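All of the numbers you see were taken from the coordinates with simple rules; none came from a lab. These figures come from a predicted structure and were not determined experimentally. Every residue, glycine among them, receives a Cβ derived from its backbone with ideal geometry; neighbour counts consider all protein chains shown.
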Amino acid sequence: MGKHEQKLGGDTFAFFPRNPRGGKSKAVSAEDIAALRRFLDENRFGKLVVHGAYTMNICAAKEEIRANSREMLRDDLLRLQALPGNFYNFHPGCHVGQGVETGIVQIAETLADVIREVEAESGAPLQNTVLLETMAGKGSEIGGSFEELKAILDHAESYGGEELRGKLGVCLDTCHIWDAGYDIAADLDGVLRQFDRIIGTEKLCAVHLNDSKNACGSRKDRHEQLGKGTIGADTLKAVVRHPLLQNRPFILETPNDDKGYQAEIQTVREWMFF
Ligand code: FE
Ligand code: FE
Ligand code: ZN
């Protein structure tokens, strides 16, 4: 892990600790983790943005799905205690008819409880920052507005108390906020100021850099290659150069093969530095 991304020109990457469609994750040996840590270190990789399984839904209406999701989250975070200093990002969840309020409470309290359990079981404070991803607001998805994410963070911190401080953040997905109705093409500054006012950009820890196949506000969530979608190259370039977003890991989730990713990484570097 990591060697492939390096070959493509990257210095960060995302990975799924289990099959993204769910299921058990393989046991990882201490030697494997040690080797990965050494590789990342020697090659000056930035922080990684690990992605929770798409099937994980900690605010599912069905008790069984909720319990399984909670267990996935717990198991992921427990394993990642061995890979400190990185980010773990996940989709807040779909309330599936339970209502946004109920969903927000379930997400927040599960997060706080799971983090406490992971700390107790590993005998150490949480070693990675847990990020809520901004969502497109498709179906009953929670996290399609900055206010909803803020409500989760606030409730988690008031429920979990002082110990939870600084352990949660947000991952901004450009395709998702665009699809959710934040017009970054017309007013990137305004959208980021809004984020800052509602959540605080100090909580904005990572960026998923994607173009979109659909119109702003479509609530669709279909990613496109950078510059080939409705957001466009000029806006995405302004995103990677924006002063409020410096020193964040930028992760590509565009539909691409290796050659495509290699070219996109090159493009993003040019946007950033030239
Ligand atoms: Fe995601
Ligand atoms: Fe994403
Ligand atoms: Zn997406």
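Can you give the charge dipole size of the chain about its Cα centre, rounded to the nearest 20 debye, using +1 on the beta carbon of Lys and Arg and -1 on the beta carbon of Asp and Glu?
Its charge dipole is roughly 580 debye.
For Asp11, what is the net charge nearby, where nearby means another residue's Cβ is under 11 Å from its Cβ and Lys, Arg count +1, Asp, Glu -1? Walk me through the numbers before you get to the answer.
Numbers: positive: Arg44, Lys47, Arg269; negative: Glu5.
Residues near Asp11 contribute +2 overall.
For Gly144, what is the net charge nearby, where nearby means another residue's Cβ is under 13 Å from its Cβ and Lys, Arg count +1, Asp, Glu -1? Write out the running numbers ahead of the final one.
Numbers: positive: Lys138, Lys150, Arg219, Lys220; negative: Glu133, Glu141, Glu147, Glu148, Asp173, Asp179, Asp221.
Taking every Cβ under 13 Å from that of Gly144, the sum is -3.
As an exercise, identify the chymotrypsin sites (Phe, Trp or Tyr not before Pro) in segment 40-103 lying in DSSP coil whose Cβ has no more than 14 other Cβ atoms within 10 Å. Walk me through the numbers before you get to the answer.
Values: sites: Phe45, Tyr54, Phe87, Tyr88, Phe90; in loops: Phe45, Tyr54.
Answer by residue number: Tyr54.
Is segment 71-161 rounded, prolate or oblate when judged by the Cα gyration tensor, a ≥ b ≥ c being the square roots of its eigenvalues, rounded requiring a/c under 1.5 and prolate requiring a/b larger than b/c? It would help to have the intermediate numbers written out before the result.
Numbers: a/c = 2.12, a/b = 1.78, b/c = 1.19.
Because a/c hits 1.5 or more and a/b exceeds b/c, segment 71-161 counts as prolate.
If Lys and Arg each add +1 and Asp and Glu each add -1, what is the summed charge of the other residues whose beta carbon sits under 11 Å from the beta carbon of Pro92? Could you put the intermediate results ahead of the total?
On the way: positive: none; negative: Glu133, Glu141, Glu148.
Cβ neighbours under 11 Å give a net charge of -3.
Figure the gain on full extension for Asp32 and Gln266 (residue separation times 0.36 nm, minus the Cα-Cα span) and round it to one decimal in nm.
Working: separation 234, 0.36 × 234 = 84.24 nm, distance 2.94 nm.
Extending this stretch completely gives an extra 81.3 nm.
With a 10 Å radius around each residue's Cβ, average the other Cβ atoms per peptide and rank 6-15, 206-215, highest first.
For the peptides 6-15, 206-215, the packing ranking is 206-215, 6-15.
So, by mean Cβ neighbours within 10 angstrom, what's the order for 172-179, 55-62 with the highest one leading?
Working: 172-179: 27.1, 55-62: 21.2.
Taking the mean over residues of other Cβ atoms within 10 Å, the ranking is 172-179, 55-62.
Once a ≥ b ≥ c are taken as the square roots of the eigenvalues of the Cα gyration tensor of the chain, is the result rounded (a/c under 1.5), prolate (a/b larger than b/c) or oblate (a/b not larger than b/c)? Let's see the in-between values first.
On the way: a/c = 1.60, a/b = 1.12, b/c = 1.43.
Because a/c hits 1.5 or more and a/b fails to exceed b/c, the chain counts as oblate.
Fewest Cβ neighbours within 10 Å first, please rank His4, His223, His242 accordingly.
Numbers: His4 11, His223 23, His242 16.
So the ranking, lowest neighbour count to highest, is His4, His242, His223.
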